[in-house]
Structures are given as C-alpha cells and as structure tokens.
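Colleague: For reference, the structure I am asking about is given below.
The values are calculated or read from the model by the stated rules, or taken from the named source; none is laboratory data. Model, not experiment: these values are computed from the prediction. Note: ideal-geometry Cβ built from the backbone for every residue, glycine included; neighbour counts use all protein chains shown.
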C-alpha cells in the first residue's frame with residue numbers, strides 16, 4: 001500500500017525558516033511533489049523531486065531521500081501569505097501513464113507576526 | 001495559463017437526489033481527476049480519466065460515477081446523494097507524464113452539502 005505522513009500543524013513567525021516533513025511507505029514511486037492550498041482556494045503545484053537531493057525555487061526548496069523514505073519542504077523568509085496548507089504527493093509506479101497522485105493529509109502552516 | 005473550471009462553487013442538495021458536478025479544462029489535457037477533500041484526510045481520488053470515454057476507479061469510487069464524452073469535460077455524478085457525501089470536490093487535469101511536467105492543475109472546488 002501507499003501512505004504518506006505529515007505533521008498536521010506547524011506554527012512559525014514571519015521571517016523564520018520552517019521545514020515540513022513527509023515520510024512515506026510505498027512500494028515505489030516516480031517522484032515526490034508538493035502543493036500549496038490557501039483557505040478556500042485550489043491546490044497549486046510548488047515543486048517536484050524526481051531524484052534524490054534538493055530542488056530550489058526561490059524561497060521554497062524541496063528535498064527527497066529515497067533511502068530514508070523521507071522528503072521535506074523548506075520555506076525560508078516566511079511571509080504572512082505563506083499561511084496555507086501544504087500537501088506532499090507521490091506518483092506511484094503502478095500509476096502507469098496516468099499521472100495519478102496519492103496525497104498526504106496536509107500540514108497547516110500558520111505564520112504569525 | 002491552464003484553466004480548470006467547475007460548474008458551481010457551492011451546492012446544496014437533498015438526500016437521494018442525483019447530483020452532477022461539471023469540470024472543464026482548456027489545455028487539451030488527456031488526464032482528468034476527481035477528488036474529494038475532507039478535513040484531516042487530504043485529497044482522496046474518486047475517479048480519473050485518461051482519454052475520452054475512458055475511466056478508472058480511484059481509491060473511493062463507491063457511490064459515484066463519471067462521464068467523459070469530450071476531452072475537455074469530466075463530470076462527476078452522485079447517483080443518489082447521501083449525507084456522507086457532503087464534502088469539497090476538486091477537479092484536476094494534467095498532461096501525460098513526461099510530456100508537460102508532473103503538475104496537476106486544480107479547479108476552485110465545489111463545496112457540496114447534502115441535507
């Protein structure tokens with residue numbers, strides 16, 4: 001089976017750095033993605049790790065270690081607008097050519113002044 | 001920009017009614033998906049479609065059916081709505097992997113309440 005675990009809530013202050021972890025149990029997958037969702041909004045794609053290592057996109061970075069069954073999203077220089085829910089997702093090997101994703105339950109990030 | 005639209009943002013239906021949720025995408029994507037989102041459970045896949053008239057069950061298909069008569073449109077059908085189907089429903093589309101990236105593009109969601 002496939003399962004992804006994330007902390008349910010994280011709190012941080014403006015300007016700080018926060019790391020949201022995602023641990024998974026899966027028989028195999030193509031890559032790990034991260035999505036952001038503001039209250040009342042649609043999930044939007046943030047990053048994708050197809051290979052182990054760090055991917056950086058502006059203030060956001062994402063990391064994957066397949067040997068440790070672990071990934072994380074790193075948010076730097078936090079801003080109030082970063083308050084949102086963050087979901088990790090994997091595309092299982094059995095999904096074939098369909099780009100099917102399995103999502104974690106999400107982490108709600110609250111950024112305070 | 002890719003645009004995925006859903007027919008309603010909010011919908012209230014009675015138990016036993018047949019409910020249609022419509023989703024349209026404008027990027028000629030082959031793959032389309034229907035999820036439901038509930039607090040603490042994340043996004044759970046109901047059905048997906050990889051081509052016109054083709055569909056596959058997701059993780060929680062019971063009580064739902066789908067229709068894809070045109071490439072741009074993917075409909076979710078609740079044959080007989082029940083209160084446990086009260087939820088946020090999200091539609092998404094994506095190109096096949098390896099052609100346009102790994103991203104799924106989501107619509108704004110339909111919050112369905114069944115009373």
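Colleague: Can you go through B:114, B:24 and tell me which one is more than 9 Å from chain A (Cβ to nearest Cβ) and in contact with a helix residue (DSSP H, G or I) (Cβ under 6 Å, 6 or more places away or on another chain)?
Modeller: Numbers: B:24 fails: in contact with a helix residue (DSSP H, G or I) (Cβ under 6 Å, 6 or more places away or on another chain).
From the options B:114, B:24, the qualifying one is B:114.
Colleague: Would you point out which residue out of A:15, A:50, A:41, A:71 is within 8 Å of chain B (Cβ to nearest Cβ) and farther than 22 Å from residue B:34 by Cβ? Step through it out loud before you land on a result.
Modeller: Details: A:15 fails: within 8 Å of chain B (Cβ to nearest Cβ); A:41 fails: farther than 22 Å from residue B:34 by Cβ; A:71 fails: within 8 Å of chain B (Cβ to nearest Cβ).
Exactly one of A:15, A:50, A:41, A:71 is within 8 Å of chain B (Cβ to nearest Cβ) and farther than 22 Å from residue B:34 by Cβ, namely A:50.
Colleague: I'd like to check which strands (runs of 3 or more DSSP E) are fully inside the stretch B:1-86 and have at least 3 residues that are more than 25 Å from residue A:89 (Cα to Cα). Spell out the reasoning first.
Modeller: Working: elements: B:4-6, B:10-13, B:19-25, B:31-38, B:42-51, B:54-57, B:64-70, B:73-78.
Filter on the stretch B:1-86 gives B:10-13, B:64-70.
Colleague: Report, by residue number, each residue of the stretch B:38-53 that is surrounded by fewer than 19 Cβ atoms within 10 Å (Cβ to Cβ), at pLDDT 90 or above and within 11 Å of another protein chain (Cβ to nearest Cβ).
Modeller: Correct list: B:38, B:44.
Colleague: I need every pair where a residue in the stretch A:63-74 that is outside any strand (DSSP E or B) has its Cβ under 7 Å from the Cβ of a residue that is surrounded by 14 or more Cβ atoms within 10 Å (Cβ to Cβ), sequence separation at least 6 or different chains.
Modeller: Matching pairs, first to second residue: A:69/A:23; A:69/A:24.
Colleague: Moving to a separate point now. Just need a number here: residues in the stretch A:20-58 that are surrounded by fewer than 13 Cβ atoms within 10 Å (Cβ to Cβ) and either under 12 Å from the mean Cα position of the chain (by Cα) or not in a loop (DSSP other than H, G, I, E, B) (or both).
Modeller: Here the count works out to 5.
Colleague: Further question: Yes or no: the stretch A:95-111 includes at least one residue that is in a strand (DSSP E or B), at pLDDT below 95 and touching a strand residue (DSSP E or B) at 6+ places or on another chain (Cβ under 6 Å).
Modeller: Scanning the stretch A:95-111 turns up at least one residue that is in a strand (DSSP E or B), at pLDDT below 95 and touching a strand residue (DSSP E or B) at 6+ places or on another chain (Cβ under 6 Å).
Colleague: I need the full set of residues from the stretch A:1-13 which are outside any strand (DSSP E or B) and surrounded by fewer than 13 Cβ atoms within 10 Å (Cβ to Cβ), in order please. Show your work before the answer.
Modeller: Restricting attention to the stretch A:1-13, the residues satisfying the condition of being outside any strand (DSSP E or B) are A:1-2, A:6-8.
Answer for the stretch A:1-13, where residues must be outside any strand (DSSP E or B) and surrounded by fewer than 13 Cβ atoms within 10 Å (Cβ to Cβ): A:1, A:8.
Colleague: Conditions first: (1) more than 11 Å from every other protein chain (Cβ to nearest Cβ); (2) within 11 Å of the chain's Cα centre (by Cα); (3) under 17 Å from residue A:104 (Cα atoms). Residue B:74 passes all but one, so which condition is the exception?
Modeller: (3)
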